[in-house]
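The values are calculated or read from the model by the stated rules, or taken from the named source; none is laboratory data. Everything numeric here is computed off the predicted structure, so don't read it as measured data. Don't worry about glycine lacking a Cβ; one is built from the backbone with ideal geometry, like all the others, and counts go over all protein chains shown.
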Amino acid sequence: MASEPKTKPTDASVQDFLEAATPAKRREDGLALATIFAEVTGADPVMWGPTMVGYGSYRYVSPSDPKRRGDWPKTGFSPRKAQLSIYGIKDLPEGAALLPELGKFTEGAGCVYVRKLEEIDLGVLRRLIAIAWSREDDPAA
């Protein structure tokens, strides 16, 4: 039997989490991202685990282990101390194709890292969020 996913939706307050982010610049950028994500998705944010602000969800099947299935946010972010982590915006082919236009960022396995919002094109970010928001459940799930 597959193990239970560690990152799941919680009842924790997104606003409290964002207001507690440090340093101050990360808090400001996190609050700004919350506004952008809410405007683009039209959804209320939910804390996924202790550090991820997620919007929507979809069912997935792990490509490396078909027995591993679960729910994951369609898109989201985390205002981490070193940089902002933005999730879901490069996962779909259309998002991956648009990503080079975002501005200054680095890539992780499942996310994009941004140091400051001023270093990226917020119009492109909005388009990337909209693409991620369009994601549907994995048919195998």
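A single member of 59, 80, 68 is of a type in the set (Lys, Arg), touching a Phe, Trp or Tyr at 6+ places or on another chain (Cβ under 9 Å) and more than 27 Å from residue 18 (Cα to Cα), and it is 68.
Just one residue in the set 82, 34 is aliphatic (A, V, I, L, M) and not in a loop (DSSP other than H, G, I, E, B); that residue is 34. Taking the stated definitions as given, is residue 114 of a type in the set (Val, Ile, Thr), surrounded by fewer than 18 Cβ atoms within 10 Å (Cβ to Cβ) and either over 13 Å from the mean Cα position of the chain (by Cα) or modelled with pLDDT of 95 or more (or both)? The answer is no for residue 114.
So, residue 40, is that one surrounded by 14 or more Cβ atoms within 10 Å (Cβ to Cβ), in a strand (DSSP E or B), among the β-branched types (Val, Ile, Thr) and within 16 Å of the chain's Cα centre (by Cα) or not?
Considered against the rule, which asks whether it is surrounded by 14 or more Cβ atoms within 10 Å (Cβ to Cβ), in a strand (DSSP E or B), among the β-branched types (Val, Ile, Thr) and within 16 Å of the chain's Cα centre (by Cα), residue 40 comes out as no.
Exactly one residue out of 96, 109 is closer than 18 Å to residue 129 by Cα, touching a Lys or Arg at 6+ places or on another chain (Cβ under 6 Å) and surrounded by fewer than 16 Cβ atoms within 10 Å (Cβ to Cβ): that is 96.
Here residue 46 does not fit the description of being at pLDDT 95 or above, within 15 Å of the chain's Cα centre (by Cα), closer than 20 Å to residue 99 by Cβ and not basic (Lys, Arg). Of the residues in the stretch 113-126, at least one is under 21 Å from residue 22 (Cβ atoms), assigned to a helix (DSSP H, G or I) and either touching a strand residue (DSSP E or B) at 6+ places or on another chain (Cβ under 7 Å) or of a type in the set (D, E, K, R) (or both).
Out of everything in the stretch 1-31 that is of a type in the set (A, V, I, L, M, F, W, C) and assigned to a loop (DSSP other than H, G, I, E, B), what residue ends up being farthest from residue 130 (Cα to Cα)? Of everything passing the filter in the stretch 1-31, 1 is farthest from residue 130 (Cα to Cα). When residue 66 is tested against (1) surrounded by fewer than 19 Cβ atoms within 10 Å (Cβ to Cβ); (2) in a helix (DSSP H, G or I); (3) not acidic (Asp, Glu), just one condition goes unmet, and that condition is (2).
Within the stretch 65-95, if we keep just the residues that are among the acidic types (Asp, Glu) and at pLDDT below 95, the residue that is nearest to the chain's Cα centre (by Cα) turns out to be 91.
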